[in-house]
Structure formats: C-alpha cells, structure tokens
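Below is one structure, written out as structure tokens, with a few remarks after it.
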Amino acid sequence: LKTFWCRYDQVSMHELTRWERDSYIVYRGVARQAHNQGRGCVHCASKIKQDDVEIGKTERKAHSSLNYKMEKEIMEKFSWIQKQAPSFGISGENVRVIKEPSDFHDTMKVQCIEEACERAVASGNTEFEVHILLDYNRGSRGGDCSSRTMLLPLIENYRDSVQYLPERINEAIGLNHMKIYLTDDDFIISGANLSDSYFTNRQDRYIQFRGCKSMAEYLCDIVKATACFSFHLQDNNDTTYPQHAPHPYEDTDNGHAYKEFARKCVTDVNKYWTLSPDNNGCDNSSSDCDTCLTPLIQMGPFKIHDDEYVTEQLFRKAEADDKIVLASGYFNLTSQYLDTVLNESKAEFEIVTASPEANGWHGATGLSHYVPAVYTQIAHDFYKEVCRTCQQGRITLHEYQRPYWSFHCKGLWYYLPHSTLPVCVSRFGMSSGCGYYKQVITRTVKR
C-alpha cells in the first residue's frame with residue numbers, strides 16, 4: 001500500500017517536468033561518473049559531459065513526442081466524462097496528495113483555517129461566510145457530547161454571521177456522506193471525518209486543491225443547495241426546517257415532494273455551472289492547465305446517478321491492457337458493479353480493502369462486533385466467484401493491515417498500458433447512501 005500511495009502521490013506533478021527531471025538526474029549521475037573517470041584529465045571529463053548533454057536533449061525530444069501522443073490518447077479515452085457534469089481546469093502543481101492522518105490535521109488547521117482567517121483579517125473582511133453541513137443522525141451521535149453540542153457556543157456567539165446547517169434525512173432515505181473542506185479558493189476532497197482517529201491512526205485519502213476559484217464556488221453552491229432542504233441548528237440545540245421546503249417525513253406523500261425538491265436544488269446547480277463560461281475543463285489554450293476536475297454527484301433517492309453512470313462506463317470501456325485499482329475500507333460492490341467487473345470488463349483489477357483487524361468496526365461490542373466478519377465474508381464470496389471463473393490472473397484482492405491502524409480509503413485509479421501513473425482518478429465518498437460524492441481527476445500531459 002505504501003508503494004500504491006507513492007505512485008499516486010506523483011499525480012500532482014507535471015508529466016513533462018517529471019520526465020525532464022528524471023533525464024536531468026540521469027545526466028547528472030553520468031556526469032559525476034564521467035568526472036570520476038576523467039580525474040586528472042579535464043578534457044576527457046568535459047567531452048563526456050558534453051555528449052551527455054546531447055543525449056539529454058535527445059531524450060527530452062523523445063519524451064515530448066511521447067507526451068503529445070499520451071495527451072491525445074488520454075483526451076480521446078476520457079473526454080466523454082466532461083459531458084456528464086461541469087469540469088474545471090487546474091494546474092497539476094496546485095494539486096497535492098496528503099498521505100498521513102497527522103498531515104491532514106496540520107493542513108486543515110494551518111493551511112486551511114488559519115490562513116483563511118489571516119487573509120480575512122488582513123483584508124478587513126468581517127462579513128465572510130461559514131457553512132457547516134452535517135448529517136443529522138451522524139452529527140447527533142453521543143447525545144450531550146456530539147458534533148451538534150460542540151457547535152452551540154459558536155452559534156450563540158456568532159449568530160449573526162455564521163450559519164450551521166446540519167442535514168436530517170431519515171434512515172429510510174439514506175445518509176449524507178459528502179466530505180468537502182473548503183476555504184476561499186482552496187479545498188480538500190476526502191473521505192475522512194474530523195474525529196480523533198482520522199487525525200492519528202485511521203488511514204484515509206485526501207487531495208488538496210489550491211487556487212481553483214471556479215470549482216471552489218461550485219462546491220460552495222452544492223453545500224448551499226443541500227442546506228435548502230436541511231434542518232438548521234439553533235443555539236438551544238433544537239433544529240428548525242425551512243418553511244419554503246417540503247418536509248422530508250411529515251408530509252403525506254411518502255416524501256415524494258421532498259425528494260423532487262432536493263433533486264431540483266442540486267441539478268439546478270449543475271445546470272448553471274454546465275452553462276457557465278468557467279466550465280472550461282482543461283482548456284489547452286491555458287498554459288498552466290494540465291488537469292481536469294469533474295465533480296460527480298450520486299444521490300440515488302433523488303434520482304441523481306451521475307457517479308454511477310460514469311463508474312459503470314469506466315469499467316465497461318476499459319480495455320484488456322488497462323488496469324483499474326479499487327480501494328475501499330468496506331468491500332461491498334453493488335450487484336451491477338460485480339457483474340460488470342466479473343463478466344463485462346476486460347481490464348485488470350487490483351482491489352485493496354481492510355483486513356478484519358483494520359476494519360473500522362474491529363473491537364466493537366454487541367451486534368457491531370460481527371461487522372468485520374460480514375465484510376470479510378462478502379470479499380470471500382467474491383473471490384470464490386473469481387476463482388470459479390478462472391480470473392485470478394485478471395482480478396486480485398489485497399488486504400490492508402497495520403498494527404493499531406484502521407483503513408478507510410475509497411478510490412479508483414485508472415492506469416493506461418505501460419503507464420506507472422494513473423491518468424484518471426476518482427474519489428469515492430461512500431458505497432451507499434444519498435450523499436455519494438466522487439471527483440474524477442483526468443490528467444493530460446503538457447507539450
């Protein structure tokens with residue numbers, strides 16, 4: 001898994017820059033060897049070094065040609081994704097993979113919150129907005145010591161300038177599982193919550209994007225749209241519901257009006273940004289854009305299936321020499337995904353999931369104690385089917401195990417043939433529920 005993450009960490013680099021740096025490192029190494037070999041003979045060392053420079057130039061020209069070929073292949077293979085949702089271009093240098101929980105904590109605290117507050121103070125901005133969106137049931141866990149009660153002092157002291165918008169969707173409808181941490185034009189997409197274990201010994205995945213104003217505004221609009229059909233937390237720990245919105249469970253139509261209202265709130269945001277001039281994807285006319293961000297929303301109860309469609313198509317369109325790496329702390333693919341992976345997709349699959357000891361429910365009491373065993377059985381049944389159909393060479397399963405750590409990574413990494421870096425990366429929010437948010441990051445390579 002360490003290798004898995006090291007490979008993925010290089011997504012934040014410009015491909016050509018990486019190739020040039022590799023060529024330079026090789027050149028410098030040869031030059032040092034040449035200098036040692038030509039010790040006492042400056043002419044000999046200089047000649048070898050000059051030859052190495054010419055070799056380096058030839059390598060860079062070859063890489064540039066390959067670069068163009070890869071760019072064309074990537075755009076032809078993945079451009080269809082940009083038609084499913086708004087797309088935003090960004091420089092790969094502004095994309096950073098955060099590897100460790102402690103780094104995630106420090107980034108959230110310093111680079112996100114503290115820097116945003118310092119910018120506000122420096123500019124004299126006293127009217128900036130703060131939005132906190134929680135799932136009602138998850139945010140209420142713990143009774144007198146919950147996410148809700150932690151927010152009460154802030155609401156009481158800053159009632160006029162801060163809104164806190166917990167969302168309640170009853171268990172029959174689903175769970176809000178979006179994880180968006182946004183300050184100004186920077187944001188982090190992750191599967192991590194903000195509880196202690198996610199800052200210490202619960203391995204998740206986190207990508208930080210800096211200076212992406214358009215998509216930051218898009219994500220803010222998504223949060224505000226969700227708040228339109230959410231409960232609002234008051235300073236006495238009660239909640240109120242917007243009068244203009246259909247109620248999720250007190251109406252007599254089994255929640256139909258609520259679901260339709262929620263669907264319209266979210267799809268209206270997507271429609272607006274699809275028609276926006278900022279929906280430019282990775283416009284190659286922009287010299288600093290080499291990465292395309294396409295955020296996908298999955299809210300099944302509201303008939304929003306963008307993510308499901310794209311994931312299904314990625315599986316189906318994959319060719320025999322392609323490789324897809326899937327990671328999930330809880331291995332529980334839908335029946336449709338299982339059928340596609342086993343019977344339709346031609347790609348090689350590597351699946352990484354939590355071992356029973358690294359499952360987030362490990363050590364729980366009561367019925368929860370058996371949850372890790374259930375997921376292990378699901379994985380076991382899947383692998384039995386892999387073996388029955390003689391596909392062990394195409395589909396492999398791996399378990400993450402690290403003493404005293406749990407595993408919560410969810411993602412999809414798509415590798416083209418002969419590539420050591422993924423060109424299409426998606427970030428999973430959850431395998432079920434209504435707040436299933438995924439982000440597809442398609443890499444192009446600059447000439």
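The values are calculated or read from the model by the stated rules, or taken from the named source; none is laboratory data. Bear in mind that the values here come from a model prediction, so they are computed numbers and not experimental data. Every residue, glycine among them, receives a Cβ derived from its backbone with ideal geometry; neighbour counts consider all protein chains shown. When the accessible area is computed, the model is the full protein with side chains, heavy atoms only, and any ligands, DNA or RNA have been set aside. Shrake-Rupley method; radii C 1.70, N 1.55, O 1.52, S 1.80 Å.
For Leu421, the stated conditions do not hold, so it cannot be described as out of contact with any Phe, Trp or Tyr (no Cβ under 7 Å at 6 or more places or on another chain) and at pLDDT 90 or above.
Condition check ((1) hydroxyl-bearing (Ser, Thr, Tyr); (2) in a strand (DSSP E or B); (3) at pLDDT below 90; (4) farther than 20 Å from His244 by Cβ) across all residues:
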residue: Leu154; (1), (2), (3), (4): no, no, yes, yes
residue: Ile173; (1), (2), (3), (4): no, no, yes, no
residue: Leu219; (1), (2), (3), (4): no, no, no, yes
residue: Ile222; (1), (2), (3), (4): no, no, no, no
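Taken over the range 354-363, the residue count meeting the criterion of being open to solvent by less than 50 Å² (accessible area, probe 1.4 Å) and either among the acidic types (Asp, Glu) or touching a residue at least 24 places away in the same chain (Cβ under 8 Å) (or both) is 5.
The residue list Tyr400, Tyr370 contains one member that is over 15 Å from Leu338 (Cα atoms) and in contact with a Ser or Thr (Cβ under 7 Å, 6 or more places away or on another chain), which is Tyr400.
For the range 106-119, does any single residue satisfy the condition of being of a type in the set (Gly, Ala, Ser) and touching a strand residue (DSSP E or B) at 6+ places or on another chain (Cβ under 6 Å)? Yes: the range 106-119 contains one or more residues that are of a type in the set (Gly, Ala, Ser) and touching a strand residue (DSSP E or B) at 6+ places or on another chain (Cβ under 6 Å).
Filter the range 291-303 for residues that are open to solvent by less than 10 Å² (accessible area, probe 1.4 Å) and part of a strand (DSSP E or B) and give the result. Matches in the range 291-303: Thr291, Cys292, Leu293, Thr294, Pro295, Leu296, Ile297, Met299.
For the range 364-371, the condition holds for no residue, the condition being that it is open to solvent by 60 Å² or more (accessible area, probe 1.4 Å) and touching a residue at least 40 places away in the same chain (Cβ under 8 Å). Met178 falls short on exactly one of the conditions (1) open to solvent by 20 Å² or more (accessible area, probe 1.4 Å); (2) in contact with a Phe, Trp or Tyr (Cβ under 7 Å, 6 or more places away or on another chain); (3) modelled with pLDDT of 90 or more, and that condition is (3).
This table checks each residue for (1) in a loop (DSSP other than H, G, I, E, B); (2) under 21 Å from Asp185 (Cβ atoms); (3) within 17 Å of the chain's Cα centre (by Cα); (4) of a type in the set (Asp, Glu).
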| site | (1), (2), (3), (4) |
| --- | --- |
| Val97 | no, yes, yes, no |
| Met108 | no, yes, yes, no |
| Ile113 | no, yes, no, no |
| Arg119 | no, yes, no, no |
| Ala122 | no, yes, no, no |
| Glu127 | yes, yes, no, yes |
| Leu134 | no, no, no, no |
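Ile207 meets each of the listed conditions (1) under 23 Å from the mean Cα position of the chain (by Cα); (2) in a helix (DSSP H, G or I); (3) buried (at least 19 other Cβ atoms within 10 Å of the Cβ) apart from (2). Restricting the range 101-149 to residues that are touching a helix residue (DSSP H, G or I) at 6+ places or on another chain (Cβ under 8 Å), farther than 28 Å from Asn201 by Cβ and surrounded by 12 or more Cβ atoms within 10 Å (Cβ to Cβ), the residue that is modelled with the lowest pLDDT is Phe128.
In summary, Asn279 fulfils each of the numbered conditions (1) in contact with a Gly (Cβ under 6 Å, 6 or more places away or on another chain); (2) modelled with pLDDT under 85 with the single exception of condition (1).
The set of residues from the range 323-339 being among the small types (Gly, Ala, Ser) and over 18 Å from the mean Cα position of the chain (by Cα) comprises just one member, Ser335.
Results for (1) touching a residue at least 12 places away in the same chain (Cβ under 8 Å); (2) over 27 Å from His418 (Cβ atoms); (3) surrounded by fewer than 20 Cβ atoms within 10 Å (Cβ to Cβ), shown as yes or no for each residue.
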| position | (1), (2), (3) |
| --- | --- |
| Phe315 | yes, no, no |
| Ala318 | yes, no, no |
| Ile324 | yes, no, no |
| Leu333 | yes, yes, yes |
| Glu344 | yes, no, yes |
| Glu350 | yes, no, yes |
| Asp381 | no, yes, yes |
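When restricted to residues that are surrounded by fewer than 20 Cβ atoms within 10 Å (Cβ to Cβ) and in a helix (DSSP H, G or I), the range 181-198 contains 2.
The selection criterion, being part of a helix (DSSP H, G or I), charged (D, E, K, R) and free of Cβ contacts under 8 Å to residues at least 12 places away in the same chain, does not hold for Lys77.
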